[in-house]
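The values are calculated or read from the model by the stated rules, or taken from the named source; none is laboratory data. Remember, it's a predicted structure, so these values are computed and weren't measured experimentally. Cβ coordinates were reconstructed from backbone atoms using ideal geometry, including for glycine residues, and neighbour counts include every protein chain displayed.
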Amino acid sequence: MPKGLGRDLATRAIAWKLQESVRGGLPPAVQRELGRLAQQLRANGELDIARDARLKPGTKLVREWHGKFYHVLVLEEGFEFEDRQYRSLTPIAREITGAAWSGPRFFGLKVNGDVRT
């Protein structure tokens, strides 16, 4: 066992390699993003994880509000809610709540200013 590599970490590494050989490795897009993050970390010691956080068209956002579930479909350009199209999530959140909400925050995509991916 390599020096400094604990039993738990070694076990996880072996399990990953076995799983990788059976199911294949990470998709190329994930490998590229991990490479970009590693390069960024080496260059300036920081990570910009949320840089390109985007929702894919076809994704459905679901939010429960006062006992009712609301569904929003992500489109190529904007969102669809109750058979109407919107440019952003904020007017949808406002329509649901009747108050001035940040759309991304209301749908759980932002927490304390950080974008969730």
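Observations on the model:
- Within segment 79-90, the residues that satisfy the criterion of being part of a strand (DSSP E or B) and buried (at least 16 other Cβ atoms within 10 Å of the Cβ) are Phe79, Phe81, Tyr86.
- Those residues of segment 74-88 which are without any contact (Cβ under 8 Å) to a residue 12 or more places away in the chain and touching a strand residue (DSSP E or B) at 6+ places or on another chain (Cβ under 7 Å), in sequence order: Gly78, Glu80, Gln85, Tyr86, Arg87
- Selection status of Ala10, within 21 Å of the chain's Cα centre (by Cα) and surrounded by 11 or more Cβ atoms within 10 Å (Cβ to Cβ): no
- Restricted to segment 91-117, and to residues there that are at pLDDT 95 or above and crowded, with 17+ Cβ neighbours inside 10 Å, the residue that is farthest from Leu47 (Cα to Cα) is Ile96.
- Scanning segment 75-88 for residues that are within 15 Å of Leu109 (Cα to Cα) and modelled with pLDDT of 95 or more returns a single hit, Phe79.
- Selection from segment 13-71 of residues that are within 16 Å of the chain's Cα centre (by Cα), of a type in the set (A, V, I, L, M) and surrounded by 10 or more Cβ atoms within 10 Å (Cβ to Cβ): Val30, Leu34, Leu37, Leu47, Ile49, Ala50, Ala53, Leu55, Leu61, Val62
- So Leu55, is it hydrophobic (A, V, I, L, M, F, W, C), in contact (Cβ under 8 Å) with a residue 12 or more places away in the chain and part of a loop (DSSP other than H, G, I, E, B): yes
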